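Reading through the structure tokens given below for one structure.
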Amino acid sequence: MPAAARNPSAHGRRRQGWLLVLAGGLLLASWLVQGPIRTLWDGIDLWVFSITNPSLGLSPVWDGLWAISNHRLFDIPAALVMAAIFLLSGRSSTPPRWANLLVHALIGALLALLTQALVHQWWDLSRLSPTLEIPGSQRLSELTPWIRTKDAARGSFPGDHGLVLFTITLYGWRVLEPWARWSAAVATVVFSLPRLMSGAHWLSDLLCGSIALGLITIELYRGLGLEAPIDRRIVPVLEDWLRSWTPARVRRWLDRQPRRERTAEGA
């Protein structure tokens, strides 16, 4: 008897995964193929930019906020927040699996970077960001010359920053605790927003590019059967390596069961 027939839940997850690949493909195609839907996306892009861009240049504090959050070094807080969400989700589970979830966050990031590299290698989309496309746009780089900030791109599709964040979140959706799933989703939106506000990306760069490619990447990874052998052979090795490099005091704290679980066992 086929494995899928013996395990209906695995069969259902695989079928759901291919449906998500199809959904991601249709979302991507809705932007790539010239037609009524692409025209709709272009209209939404212009509408969003007409709201966000005029808000710049009115307040030095407001401009400085978006300029700082668009600096390259701001990628570090984004990475730390996502890692913290995976780590705390693993610590709050029973038994604690913080090392396992941190390794999964790393795998999600590597899948996103691989997709990003393949897209730039194979596709020549050459889409200008709104600040380069629309004359007279407010430029953060001119409003805040005291910091180097990203407010333009000649290849804005897909949003690379958003692709990494969305892919990590989508990959972690099945393994994270419910609160952590939504925390990761909120963090992804928050850390993707600066690129939109600065005019470095259109909204469709994120919705039709980052999200669509993230869905395709993660569900192809699972649907092609790559996840199981990696989880079985590579993840445990990386877990052991991570635990061995974690200071003993920190490791004891991370391995400690949450208070509510200890209380329940004691009762």
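What follows draws every value from the coordinates through simple rules; no lab data is involved. As the structure is a prediction and not an experimental result, all values here were calculated from the model. When we count neighbours, we look across all protein chains shown, and the Cβ atoms used for this are built from the backbone with ideal geometry, even at glycine.
In this label model, ALA29 and LEU106 are separated by 3.8 nm, measuring between points 7 Å along each Cα→Cβ vector.
Calculated FRET efficiency, ASP42 to ASP75, Cβ-Cβ distance, R0 = 41 Å: about 0.90 to the nearest 0.05. Helical content of the chain, expressed as a calculated mean residue ellipticity at 222 nm, amounts to -21500 deg cm²/dmol (DSSP H runs of 4 or more residues, -39,500 (n - 2.57) each, divided by residue number, nearest 500). Extension gain for the segment ARG232 to VAL250, taken as residue separation times 0.36 nm less the Cα-Cα distance, is 3.9 nm to one decimal. Scoring 223-231, 196-204 by mean Cβ neighbours within 10 Å over their residues and listing the highest first yields 196-204, 223-231. Coupling constants for the range 43-56 follow from the phi torsions by the Karplus curve (6.51 cos²θ - 1.76 cosθ + 1.60, θ = phi - 60°), and in residue order they are x, 5, 4, 5, 5, 5, 5, 5, 8, 6, 5, x, 6, 7 Hz; glycine and proline get x.
In terms of packing, defined here as the mean over residues of other Cβ atoms within 10 angstrom, the peptides 163-172, 66-75 line up highest first as 163-172, 66-75.
Normalising by the residue count of the range 124-267, find the relative contact order in percent from Cα pairs under 8 Å and 6+ residues apart.
25 percent.
In the calculated pair distance distribution of the chain, what percentage of Cα-Cα distances lie above 31 Å? Here the long-distance tail beyond 31 Å is 36 percent of all Cα pairs in the chain.
How far is helix 98-122 tilted off the main Cα axis of the chain, in degrees rounded to 10, range 0 to 90? That helix lies at roughly 40 degrees to the long axis. Spacing of the modelled spin labels on LEU65 and TRP18, each 7 Å from Cα toward Cβ, amounts to 4.7 nm.
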